[in-house]
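J.: Please find one structure pasted underneath; my questions will follow.
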Amino acid sequence: MLSDTQPQGQPHGSSRPPPVGQVHPPLRRALLWIWTNLFGSVWNSVLTLVVLWLLFVIGRGMLGWLVLDARTAPATLRECIDAGGACWAFLQDKWRLILFGTYPHEQHWRPALALALFASLVIASCVPASWATVERRRWMFGIWLLGMGGVIVLMSGGFGLPEVPVRLWSGLPLTVLLAVVGMVSCFFLAILLALGRRSSMPVVRWLCIVYIEVIRGVPLISLLFMANIMTPLILPADVVVPNLVRAQIAFIMFFAAYLAEVIRGGLQAIPASQYAACKALGMGYWTSMIFVILPQALRIVIPSMVNLFIAMFKDTSLVIVISMLDLLGTANAAKADPAWMGLFMEAYFFIAVIYVLVCASMSWYSRWTERRIGSRQSRSA
Amino acid sequence: MVGQPLIRFRNVNKWYGSLHVLRDIDLTVRDGERVVICGPSGSGKSTAIYLINGLQDYQQGEVEVAGIRLREADGTAHDIRRHVGMVFQQFNLFPHLSVLENCCLAPRKVLGLPRQEAEARAMEELARVRIADQAQKYPGQLSGGQQQRVAIARSLCMHPRIMLFDEPTSALDPEMVGEVLEAMRDLARRGVTMICVTHEMGFARAVADRIVLMEAGRIVEDAPPARFFDPSQQSPRVRAFLENILA
């Protein structure tokens with residue numbers, strides 16, 4: 001019942017007002033808060049002290065490794081090891097290798113520019129106002145086509161730029177390309193699969209069920225191996241599909257199966273009365289789905305969808321098994337340099353920061369989107 | 001005022017599995033007529049009106065709307081629906097769209113009206129149910145009575161020849177029933193053919209041309225209000241039903 005649904009997640013006051021019913025100066029108020037919340041009981045006091053001690057130990061260690069004992073260029077390997085902290089000199093020497101991998105060194109501005117272009121496209125698409133009107137949607141579509149064209153020209157060459165074969169694309173651009181193209185494509189494929197799985201047409205329904213169950217039953221690694229080894233056997237000899245494209249297709253197929261099940265969950269949460277309302281207004285299947293059912297279903301599954309996208313972003317590192325160098329692969333390549341023998345923490349720390357930043361922004365964006373939609377629909381079901 | 005037969009049930013039977021929900025229904029509704037269907041719950045009255053726009057199928061007999069024989073399976077229901085509006089017990093507004101968007105969606109996507117024209121039409125219908133000032137709000141921000149009036153406006157935006165009401169006031173708090181019935185009375189004055197499943201006997205008496213009483217899937221009475229409410233002419237079944245809902 002629409003009108004009876006109460007708003008969920010009412011904020012419950014977690015910090016109680018100070019016990020004395022008068023206004024205190026800020027310092028006193030802060031002390032009172034600490035006293036009541038952190039040292040309210042013996043058990044609380046013990047927990048607080050243990051946590052403080054742990055924070056201190058970890059903080060001291062981090063500070064030592066990251067700053068105090070760390071050495072920057074022109075430190076040598078020897079000096080770094082003697083100091084005992086992070087060897088930023090190693091990272092200063094290798095960061096371009098980690099970011100752009102085997103891409104020709106003097107051409108590194110191209111993947112850098114491609115990344116910036118890609119990031120602007122994604123960020124522009126994340127702003128709701130970009131999609132607010134029909135004209136803007138047309139613009140966005142055009143901008144995406146142009147932008148993707150730009151990315152591909154930048155990366156592969158042409159128009160006066162020297163050509164760079166796809167097998168040399170590596171590092172962060174490869175990871176981002178696999179992830180973003182994968183997410184966008186698997187989103188649309190997953191919607192079709194989810195609708196197909198609930199279709200009233202038996203052939204469509206069974207094809208979708210078989211697809212989803214088979215793909216879900218196979219590990220991603222084996223799918224990547226198949227894409228790498230078996231497709232050349234199946235395709236005619238003169239058709240050469242780059243490794244990247246094959247891996248990309250394997251990713252899309254794999255995650256579409258999972259995402260389809262997530263979206264199906266959302267579709268099932270839409271009450272039959274919404275379908276009845278669409279029918280009663282004379283709306284056909286696609287009109288109902290596109291304008292009424294899917295917008296509601298997709299909103300419900302935003303958290304699980306973003307969960308899957310984060311997994312997808314990280315799982316791109318599995319392309320390492322078909323000898324492509326993603327961000328993790330290039331970090332491994334960096335540590336293999338005999339000049340910096342034995343160092344690896346700095347490289348992994350560097351890519352970990354990148355991974356965390358990207359994943360955290362994704363989950364932040366999903367929370368923000370949920371709040372935005374929630375506040376607009378307020379009390380409604 | 002009342003014209004050609006518009007809706008015709010001929011000997012219609014319907015089962016849910018082994019449950020026989022409609023038994024030998026014969027009913028004709030003429031153009032411009034206002035018919036109220038009442039009866040105890042489970043008597044098949046809602047099911048009967050769901051056949052008129054093909055939201056439910058039937059197994060035997062024939063339902064004809066505007067001369068078209070209606071069968072969900074034949075795909076004929078789809079053509080009929082743009083001429084038949086429906087108001088549901090639970091409103092069934094689209095919660096992710098604003099009131100205005102709720103009203104514009106079908107006219108734009110089904111009738112192909114341009115946005116401006118659809119919005120003008122929507123504002124006109126919203127004004128008629130006296131809720132134009134809420135056009136930018138979302139359904140969840142409105143009261144039940146307001147939501148139901150939006151639902152009525154949304155249906156009317158398709159300019160239907162027939163309006164079906166499935167217990168439009170039974171999900172409402174008592175103080176909101178009046179505003180919805182008022183909107184329905186306005187509509188009745190416009191000459192739209194109305195079939196209304198309701199227990200609001202005051203509304204039935206004031207507005208209906210005929211009142212149909214159903215019981216256990218059968219039509220047991222079909223009479224104008226004057227006869228339906230006249231103790232000297234009404235059948236024992238009608239008397240029992242009226243006593244029940246008044247009690």
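The values are calculated or read from the model by the stated rules, or taken from the named source; none is laboratory data. The shown structure was predicted, so the numbers you read here are calculated from the model rather than taken from an experiment. Note that each Cβ is placed from the backbone with ideal geometry, even for glycine, and that neighbours are counted across all protein chains shown. We work out accessible area using only protein heavy atoms, side chains counted, and drop any ligands, DNA or RNA first. Shrake-Rupley method; radii C 1.70, N 1.55, O 1.52, S 1.80 Å.
J.: Scan the stretch A:52-80 for residues that are in contact with a strand residue (DSSP E or B) (Cβ under 8 Å, 6 or more places away or on another chain) and assigned to a helix (DSSP H, G or I) and jot them down.
T.: Those that are in contact with a strand residue (DSSP E or B) (Cβ under 8 Å, 6 or more places away or on another chain) and assigned to a helix (DSSP H, G or I): A:L77, A:E79, A:C80.
J.: How about the stretch B:48-85: which of its residues are open to solvent by 10 Å² or more (accessible area, probe 1.4 Å) and among the hydrophobic types (A, V, I, L, M, F, W, C)?
T.: B:L55, B:A66, B:I68, B:A73
J.: If you check A:L38 against the conditions, is it over 19 Å from A:L343 (Cα atoms) and surrounded by 13 or more Cβ atoms within 10 Å (Cβ to Cβ)?
T.: yes
J.: Additional query: Among A:D326, A:D315, which is the only one that is among the acidic types (D, E), open to solvent by less than 20 Å² (accessible area, probe 1.4 Å) and assigned by TED's automatic domain parsing to the domain that holds A:P111?
T.: Result: A:D326 is the single residue among A:D326, A:D315 that is among the acidic types (D, E), open to solvent by less than 20 Å² (accessible area, probe 1.4 Å) and assigned by TED's automatic domain parsing to the domain that holds A:P111.
J.: Identify all residues within the stretch B:208-222 that are of a type in the set (D, E, K, R) and in contact (Cβ under 8 Å) with a residue 60 or more places away in the chain; write none if there are none. Full working, then the answer.
T.: Initial filter on the stretch B:208-222 (of a type in the set (D, E, K, R)): B:209-210, B:215, B:218, B:221-222.
If the condition is that a residue be of a type in the set (D, E, K, R) and in contact (Cβ under 8 Å) with a residue 60 or more places away in the chain, then B:D209, B:R210, B:E215, B:R218, B:D222 are the ones that fit.
J.: Moving on. Is the stretch A:214-224 home to any residue that is assigned to a helix (DSSP H, G or I), surrounded by 13 or more Cβ atoms within 10 Å (Cβ to Cβ) and more than 30 Å from the chain's Cα centre (by Cα)?
T.: Scanning the stretch A:214-224, I find no residue that is assigned to a helix (DSSP H, G or I), surrounded by 13 or more Cβ atoms within 10 Å (Cβ to Cβ) and more than 30 Å from the chain's Cα centre (by Cα), so the answer is no.
J.: Condition (residue is within 30 Å of A:D69 (Cβ to Cβ), without any contact (Cβ under 8 Å) to a residue 60 or more places away in the chain and not in a helix (DSSP H, G or I)) applied to the stretch A:292-309: is it met by at least one residue?
T.: No, every residue in the stretch A:292-309 fails to be within 30 Å of A:D69 (Cβ to Cβ), without any contact (Cβ under 8 Å) to a residue 60 or more places away in the chain and not in a helix (DSSP H, G or I).
J.: May I ask you to verify whether A:G142 is free of Cβ contacts under 8 Å to residues at least 40 places away in the same chain, within 21 Å of A:L178 (Cβ to Cβ) and of a type in the set (G, A, S)?
T.: no
J.: Now, a different point. Please verify whether A:I249 is open to solvent by 60 Å² or more (accessible area, probe 1.4 Å) and more than 14 Å from chain B (Cβ to nearest Cβ), treating the condition exactly as stated.
T.: yes
J.: Right, here's the next one. Looking at this structure, is A:L115 under 22 Å from A:W169 (Cβ atoms), open to solvent by 30 Å² or more (accessible area, probe 1.4 Å), within 24 Å of the chain's Cα centre (by Cα) and not β-branched (V, I, T)?
T.: In short, yes.
J.: Residue check, A:E163 against (1) in contact (Cβ under 8 Å) with a residue 24 or more places away in the chain; (2) open to solvent by 50 Å² or more (accessible area, probe 1.4 Å); (3) outside any helix (DSSP H, G or I), all met but one. Which one?
T.: For A:E163, the exception is condition (1).
J.: Quick one: would you say A:L49 is assigned to a helix (DSSP H, G or I) and either open to solvent by less than 50 Å² (accessible area, probe 1.4 Å) or under 30 Å from A:D337 (Cβ atoms) (or both)?
T.: no
J.: Using the structure shown, decide if A:I123 is surrounded by 13 or more Cβ atoms within 10 Å (Cβ to Cβ), modelled with pLDDT of 85 or more and either touching a helix residue (DSSP H, G or I) at 6+ places or on another chain (Cβ under 8 Å) or assigned to a helix (DSSP H, G or I) (or both).
T.: Details: surrounded by 13 or more Cβ atoms within 10 Å (Cβ to Cβ): no; modelled with pLDDT of 85 or more: yes; either touching a helix residue (DSSP H, G or I) at 6+ places or on another chain (Cβ under 8 Å) or assigned to a helix (DSSP H, G or I) (or both): yes.
No; evaluated as a whole, the condition is false for this residue.
J.: Restricting to the stretch B:115-156, what's the tally of residues that are facing another protein chain (nearest Cβ under 9 Å) and either more than 18 Å from B:R185 (Cβ to Cβ) or aliphatic (A, V, I, L, M) (or both)?
T.: 11
J.: In addition: Filter the stretch A:252-272 down to residues that are open to solvent by less than 30 Å² (accessible area, probe 1.4 Å) and not in a loop (DSSP other than H, G, I, E, B), then give me how many there are.
T.: Within the stretch A:252-272, residues that are open to solvent by less than 30 Å² (accessible area, probe 1.4 Å) and not in a loop (DSSP other than H, G, I, E, B) number 10.
J.: Hey, can you tell me all the residues within the stretch B:87-100 that are aliphatic (A, V, I, L, M) and either away from chain A (no Cβ under 12 Å) or open to solvent by less than 10 Å² (accessible area, probe 1.4 Å) (or both)?
T.: Scanning the stretch B:87-100 gives B:V87, B:L93, B:V99, B:L100.
J.: Mind listing whichever residues of the stretch B:101-114 are hydrophobic (A, V, I, L, M, F, W, C), more than 9 Å from chain A (Cβ to nearest Cβ) and surrounded by fewer than 21 Cβ atoms within 10 Å (Cβ to Cβ)?
T.: Correct list: B:L113 only.
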